[in-house]
Structures are given as structure tokens and as C-alpha cells.
Amino acid sequence: MPIDPPSNIWTFARPPVDHPHDAWGLGADLEPGTLLAAYRLGLFPMRVDDDLIWWSPARRGVIRVDGFAPPRSLRRAARGFEIRIDSAFVAVVRECADPRRPHGWIDASFVAAYTRLHELGWAHSVEAWDDEGLAGGLYGVGNAGLFAAESMFHRRSGASKAALLGLVARLDAAGGARLLDVQWLTPHLSSLGAGEISRGEYHELLDDALLLPDAFES
């Protein structure tokens with residue numbers, strides 16, 4: 001059972017569906033209560049230079065868990081890995097934060113913040129393992145029926161894809177209209193079965209998802 005952190009001290013508002021920009025807020029902090037309040041409104045943080053920006057994309061990337069049919073190439077690439085949940089959370093986040101990665105934005109403050117969320121039971125890693133050890137994985141925030149995916153990495157080909165399939169399987173097994181949020185749709189995510197919806201549709205799906213039980217409670 002996740003542990004509730006101290007309440008958020010900031011005033012957050014959900015952006016209107018017709019807000020023309022993806023950026024919505026500036027500032028605040030990365031305390032657990034702040035992060036959870038933001039995700040429940042459809043916001044997520046990302047730093048630009050030194051500014052902490054809260055984002056609500058006008059067009060949101062999602063994977064529809066109910067009835068998800070993974071592309072054949074995804075199933076083929078994901079073979080041969082063992083999937084584990086939360087066995088190496090910090091290692092996964094640190095791999096995702098590797099400064100050598102192109103367009104890397106995850107700094108030490110984000111590693112610390114999401115580690116605190118994990119310790120409270122709100123953030124999770126899904127890992128792909130092989131005979132050589134941790135081969136790839138992803139992490140994100142689980143909140144009722146929402147899983148807000150933050151980042152993924154791989155050391156061996158196909159490992160991050162295996163982790164994604166493992167996550168979808170976990171969410172699907174929990175039942176209900178689960179929402180797997182991948183922030184912005186990219187060609188890579190599209191090839192993995194993600195699609196794009198409007199902010200208004202995202203808010204509707206989010207509100208329904210937040211009524212569901214947590215998929216990661218044992």
C-alpha cells in the first residue's frame with residue numbers, strides 16, 4: 001500500500017483543454033506531495049535549462065492497455081528477457097539519467113525525487129534481465145489506474161521493448177480502463193503501439209483511471 005506524503009503546499013490548476021501551449025506552469029518543487037498532485041491533474045515536470053516546467057501536452061502520447069495488440073516486431077524483439085518489477089529501481093533511473101544520452105534532462109534532483117516516490121510506493125521500475133544482468137528497463141509513477149511513464153533505457157537490443165510489454169501485461173492483468181501515459185508521441189513510441197489523443201480526452205481517461213485500484217499493490 002503506497003504511503004501518502006505530506007500534502008502539496010503549492011496551488012495547482014488543471015489547464016483548460018484549449019490552452020494553446022504544452023507548457024503550463026513554472027517553479028514549485030519535486031517533493032512527493034507536489035509530484036502526486038501534479039500527476040493527478042495531468043501534469044508532469046521537466047527541466048529546461050535551470051527552469052522547472054510543468055507540462056500538459058495539447059496532444060498526449062498514450063498506449064491503450066485494454067485490447068493492446070503489440071506489433072509483431074515488438075514481440076520478436078522482446079523475446080528472451082526475464083521481467084522483474086521494482087528490483088533495481090535506482091539503477092534504472094540512473095541509467096535513464098546517463099548524461100551521455102542524447103537530449104538528456106534527468107538530473108540528480110529528479111533521481112532523488114523519484115527515488116523518494118519509489119520508497120513511498122508510488123514510483124515503479126519494470127526491468128528486463130538476461131544472463132548478463134540488467135539489460136534494460138523503464139520507470140514511472142503509478143497512481144491508481146494511471147501509469148505515467150517517464151523514461152526507458154537499454155543496454156541490450158530489445159530490452160526496453162521487453163520492459164514495455166511487461167508493463168502493459170501488468171496493467172492489463174489489473175483490469176479496468178488503465179491509462180499508460182507516454183507524454184509526447186514520437187516515431188519510436190508509435191512503432192511500439194502508442195497513439196495520440198487530445199488534452200480533453202486525456203483528462204477524461206485520467207479521471208476514470210484515478211478511480212481504479214493500484215496495479216502495483218501486491
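Values quoted throughout were computed directly from the atomic coordinates according to the rules given, and no laboratory measurement underlies them. What you see is a predicted model, and the numbers here were worked out from it, not measured in a lab. Neighbour counts are summed over all protein chains in view; Cβ atoms, including those assigned to glycine, are modelled from backbone coordinates with ideal geometry.
Mind listing the long-range amide H neighbours of G136? Cut-off is under 5 Å, sequence gap 5 or more, other chains count too, H placed in the peptide plane at 1.01 Å from N.
Answer set, sorted by chain and number: A128, R155.
Where does helix 199-209 land angle-wise versus the long Cα axis of the chain, in degrees 0 to 90, nearest 10?
Computed tilt is about 70 degrees.
Under a 5 Å amide H to amide H cut-off, with H placed in plane at 1.01 Å, what residues pair with A78 once short-range neighbours are removed?
none
By how many degrees, between 0 and 90 and to the nearest 10, does the Cα long axis of helix 108-119 differ from the longest principal axis of the chain?
So the helix axis and the longest Cα principal axis differ by about 80 degrees.
Loop-only GluC sites (Glu not before Pro) in segment 133-218, please: DSSP not H, G, I, E or B, and at most 10 other Cβ atoms within 10 Å.
Answer by residue number: E217.
Obtain the nm distance between the two label points defined at D131 and L26 by a simple spin-label model: each point lies 7 Å from its Cα along the Cα-to-C-beta direction.
Each label point lies 7 Å from its Cα, and together they span 5.5 nm.
What list do you get for L192, L165 if you sort them by fewest beta carbons within 10 Å?
By the 10 Å Cβ count, ascending, the order reads L192, L165.
So between S157 and E82, what do we pick up on full extension, going 0.36 nm a residue minus the alpha carbon distance?
Stretched fully, the S157-E82 segment lengthens by 25.6 nm.
With θ set to phi - 60°, apply the Karplus curve 6.51 cos²θ - 1.76 cosθ + 1.60 along segment 185-194 and write out the HN-Hα couplings as whole Hz, x wherever there is a Gly or Pro.
Working through the residues one at a time gives 6, 10, x, 5, 5, 4, 5, 8, x, 7 Hz.
In nm, to one decimal, how far is the modelled label at M1 from the one at R47, with both set 7 Å along Cα→Cβ?
Taking the simple label geometry, M1 and R47 are separated by 3.6 nm.
When each pair of different Cα atoms in segment 95-164 is counted once in the 1/r mean, what is the Kirkwood radius in angstroms, to one decimal?
12.7 Å
Please report, for the Cα atoms of segment 103-212, the Rg to one decimal and the Dmax as a whole number; what are they, in angstrom?
Taking only Cα atoms of segment 103-212, I get Rg and Dmax of 14.4, 44 Å.
Which value in Å is the Kirkwood Rh of segment 18-153 over different Cα pairs?
Evaluated over segment 18-153, this radius sits at 16.3 Å.
So how do 110-116, 45-51 stack up, highest first, on mean other-Cβ count within 10 Å?
Taking the mean over residues of other Cβ atoms within 10 Å, the ranking is 110-116, 45-51.
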